[in-house]
């Protein structure tokens, strides 16, 4: 039986948005110099298997785990974070990357499989 997915039913309307957001954050993490505006966070042993915990400690909420994964260069929640210093974008920079890519990680800012601000 063939699967028929329609936009807004079981999948994001923009299936490329999360990938574009990941790439933007990853490029930021790789290219940002220590003197440039960024958030620097050293991964502690209790955070190695919990990207949402890093998000909580850096941003104050757990929803930015994809940004943490991108900064660390991992592509699965089943991969451990390296116990190293991460270069993470500030909240304002994340806001910019989200608008640029069309991605939203915060559930309250999503409706009908798309960011509420994109409607």
Of the residues that make up region 24-39, is at least one out of contact with any strand residue (DSSP E or B) (no Cβ under 7 Å at 6 or more places or on another chain), at pLDDT 95 or above and under 16 Å from residue 106 (Cβ atoms)?
-> yes
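Here is a yes/no grid of residues against (1) surrounded by 16 or more Cβ atoms within 10 Å (Cβ to Cβ); (2) without any contact (Cβ under 8 Å) to a residue 24 or more places away in the chain; (3) part of a loop (DSSP other than H, G, I, E, B):
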position	(1), (2), (3)
37	no, no, yes
40	no, no, no
58	yes, no, no
65	yes, no, no
76	no, yes, yes
Determine if region 19-32 includes at least one residue that is out of contact with any helix residue (DSSP H, G or I) (no Cβ under 6 Å at 6 or more places or on another chain), outside any helix (DSSP H, G or I), without any contact (Cβ under 8 Å) to a residue 60 or more places away in the chain and buried (at least 17 other Cβ atoms within 10 Å of the Cβ).
-> yes
Failed condition for residue 49, given (1) out of contact with any helix residue (DSSP H, G or I) (no Cβ under 6 Å at 6 or more places or on another chain); (2) in a helix (DSSP H, G or I); (3) in contact (Cβ under 8 Å) with a residue 12 or more places away in the chain | (2)
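Given the criteria outside any strand (DSSP E or B) and buried (at least 21 other Cβ atoms within 10 Å of the Cβ), does residue 92 qualify?
Spelling it out, it is not the case that residue 92 is outside any strand (DSSP E or B) and buried (at least 21 other Cβ atoms within 10 Å of the Cβ).
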Do you know which of the residues in region 95-107 that are closer than 19 Å to residue 51 by Cα and not in a helix (DSSP H, G or I) is modelled with the lowest pLDDT?
-> 106
Might you check whether a residue that is in contact with a strand residue (DSSP E or B) (Cβ under 6 Å, 6 or more places away or on another chain), on the phi < 0 side of the Ramachandran plot, at pLDDT below 95 and buried (at least 16 other Cβ atoms within 10 Å of the Cβ) occurs anywhere in region 108-117?
-> no
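The values are calculated or read from the model by the stated rules, or taken from the named source; none is laboratory data. Here the structure is a predicted model, which is why all the values come from computation and not from measurement. Here the Cβ is made from the backbone with ideal geometry for all residues, glycine too, and neighbour counts use every protein chain on show.
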